[in-house]
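Please read the structure below before turning to the comments.
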Amino acid sequence: MRGAEYLLRFDDLCPTMDMGAWERFTPMLARHSIKPILAIVPANEDTGLMRGAPDEGFWNEMRGWQSAGAAIGLHGYRHLCVAQGRGLVPFHRETEFAGVAEAEQREWIGKGVEILRGNGLEPTVWVAPRHGFGGVTLKCLRDAGICVLSDGLGTVPWRDGGMTWIPQQLWGPVEKRRGLWTICLHANTASAAVVEGLEGFLEGFAGQFTSVEQVLTDWPAGERGLGERVVAAGMMGRLRLRRWLKG
């Protein structure tokens, strides 16, 4: 039986992020040769992500990680989740993209890609703020040359809507027996315990971490089978129950 593999993803990266908070992670990533997904907000207007003046070294830092094998994720456009719409991954009602007109989505994605490319980055993965996107979003992404997304529940990648879906199911490191697991972290708000937890996990499991490039080679994605749909439904049910219990 194939053992578990892990991807690491960092969300909400932008020039106004807390670079000091981010730098708590970078030494361990470099030491263990981790190739994360870096989900970058191209034109941030979310005041919650404005932790200081724009860092002059941000784009150079991201280019360095790209050169080291990290995948660049297009993390929305402005990170303003003010639309109301039911997306394909129905975690939240307030999103940036779900429910927005196609022309507007197409403009935002095009401008976002242009900003990243203008700073020497090639976005290859879509990462939606608050998991909010729909079929129209996928069409606009394909037209922009992005055909991989990091989202959805399951244990293996699959193809749907002309996209390869790489599941994202964890918000902290958890040991698993099999499958592909994406751990999503937010450097801006990660506690010391989160940093220490990841460091300890990497000490034991760094050899099981992979990259988006390797996943696309090692995990052939096809139509989603019934078994994976049942697994995904079970995961969604447990997440909803957990949120309900938290109030």
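The values are calculated or read from the model by the stated rules, or taken from the named source; none is laboratory data. Everything quoted here is computed from the prediction, not taken from an experiment. Counting neighbours? That spans all protein chains shown, and the Cβs are built from the backbone with ideal geometry, glycine included.
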Which residues, counting only those in region 95-105, are surrounded by 15 or more Cβ atoms within 10 Å (Cβ to Cβ) and not in a loop (DSSP other than H, G, I, E, B)? Thr95, Gln105
Got at least one residue in region 222-237 being of a type outside the set (Lys, Arg), surrounded by fewer than 20 Cβ atoms within 10 Å (Cβ to Cβ), modelled with pLDDT of 95 or more and outside any loop (DSSP other than H, G, I, E, B)? no
Selected residue [in contact (Cβ under 8 Å) with a residue 40 or more places away in the chain and of a type in the set (Gly, Ala, Ser)] from Gly172, Gly152: Gly152
Take Gly112 and tell me if it is in contact (Cβ under 8 Å) with a residue 12 or more places away in the chain and either outside any helix (DSSP H, G or I) or over 28 Å from Trp219 (Cβ atoms) (or both). no
Filter result for the condition that a residue is assigned to a loop (DSSP other than H, G, I, E, B), within 28 Å of Gly237 (Cβ to Cβ), within 18 Å of the chain's Cα centre (by Cα) and hydrophobic (A, V, I, L, M, F, W, C), over Val174, Val194: Val174
Residue tally, condition assigned to a helix (DSSP H, G or I) and more than 18 Å from the chain's Cα centre (by Cα), over region 197-221: 13
Given the conditions (1) within 26 Å of Gly110 (Cβ to Cβ); (2) modelled with pLDDT under 95; (3) not aromatic (Phe, Trp, Tyr), every one holds for Gly52 apart from (1)
Failed item, numbered, when Glu5 is tested on (1) loosely packed, with under 15 Cβ neighbours inside 10 Å; (2) touching a helix residue (DSSP H, G or I) at 6+ places or on another chain (Cβ under 8 Å): (1)
Is at least one residue of region 223-242 of a type in the set (Gly, Ala, Ser) and under 26 Å from Ala21 (Cα atoms)? no
When you go through Thr164, Thr137 one by one, which is the residue that is touching a residue at least 40 places away in the same chain (Cβ under 8 Å) and more than 24 Å from Glu45 (Cα to Cα)? Thr164
Looking at Ile34, Ile40, which is the one that is closer than 29 Å to Glu94 by Cβ and crowded, with 20+ Cβ neighbours inside 10 Å? Ile40
Can you tell me which residues in region 118-136 are touching a strand residue (DSSP E or B) at 6+ places or on another chain (Cβ under 8 Å) and either of a type in the set (A, V, I, L, M, F, W, C) or in a helix (DSSP H, G or I) (or both)? Leu121, Val125, Trp126, Val127, Ala128, Pro129, Arg130, His131, Phe133
Which of the residues that make up region 142-158 are buried (at least 20 other Cβ atoms within 10 Å of the Cβ) and either small (Gly, Ala, Ser) or within 16 Å of Gly85 (Cβ to Cβ) (or both)? Ser150, Asp151, Gly152, Gly154
Filter region 159-178 for residues that are modelled with pLDDT of 95 or more and of a type in the set (A, V, I, L, M, F, W, C); which is surrounded by the most Cβ atoms within 10 Å (Cβ to Cβ)? Ile166
Turns out the strands (runs of 3 or more DSSP E) fully within region 1-90 with at least 3 residues that are under 20 Å from Gly197 (Cα atoms) and under 19 Å from the mean Cα position of the chain (by Cα) are 5-13
